[in-house]
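Student: Provided herewith is a single structure, encoded as structure tokens, for subsequent inquiry.
Just so it is clear, none of the values below were taken in a lab; they were calculated from the coordinates. Since the model is a prediction, treat every value here as computed from it, not as a measurement. We place every Cβ from the backbone using ideal geometry, glycine too, and count neighbours over all the protein chains shown.
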Amino acid sequence: MSIVSRLRTGLLATALLFLTGCATVPSEDRHPDDPWESYNRAVFEINQDFDESLLRPAAVQYQRVPDTVQTGVGNFFSNLNDFTVLFNNLLQGNLENAASDTGRILFNSTFGLFGLIDVASPMGLEKNNEDFGQTLGVWGVPRGPYLQLPLLGPSTARDAPARIVDGYTDPLYQSNLRQDHSSWWVGLIALDIIDMRAGLISTERMLEQLSDDPYIAMREAWLQRRDFLVRGSSDERASEMLDELDELEALEAMEAGEDVQ
């Protein structure tokens, strides 16, 4: 989320332009959620090549950094993301979670040293997960077709433009660092991307177990998770399944850590 949201929006227009002229899979073979599969698969291959040549190697090396440093970095960006989460909880009318988000921001930004330490979670102020795509879903906007964005990964026709709004709710977007295009701002972007990619390494084997086709595994896992996040507040079974996915990811993370050691 956070800074990466703005990078995604930079390529969104290009992606949508390509959609108008791309070939499609024959209707009899077309997945109902993926009418642009031919285009999406082509972009998926480009994304995979970029990931394997640059992002994943950088993320693997990043995982060798002491755990305390990685935790601090993750907490810092999570604290910034809480502003986006708060904004969307307010839009959804979820005042209880909005109050929790406000408490997290206040405590983590002060006693947590600008978010480097998560002091809010032990206090019972758990991290929430909301973005404008989920808000649109709660408002009844259908997710639309599955969409792979160049270099930026999976999305949908609803969620891709929604990231523009999320970008503007990120404090770093409004900061002087961004306006000056300073090396610090560029460095924070790179660090956010690498930290996020390192967190996904543990899910790779899980996706391999879902399907022999990595494209299908990515599509199904991503669409299901987005549906769970949108329905989670009102759908008990969806919430339970989301918890199961999180537990499986945690287990995969432990196994990956043992492999690295």
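Student: Applying 1/(1 + (r/R0)^6) with R0 = 30 Å to the Cβ-Cβ distance of Ser183 and Arg41, what FRET efficiency is obtained, to the nearest 0.05?
Tutor: 0.20
Student: Estimate the FRET efficiency between Leu106 and Gln48 by the formula 1/(1 + (r/R0)^6), using the beta-carbon distance for r and 41 Å for R0, to the nearest 0.05.
Tutor: Working from the Cβ atoms, E equals 0.50.
Student: So what's the net charge close to Ala157: Lys and Arg +1, Asp and Glu -1, counting the other residues with Cβ under 13 Å from its Cβ?
Tutor: Net charge in that neighbourhood comes out at +1.
Student: At a 10 angstrom cut-off on C-beta neighbours, averaged per residue, how do the peptides 45-55, 145-155 rank from highest to lowest?
Tutor: Packing proxy ranking, top to bottom: 145-155, 45-55.
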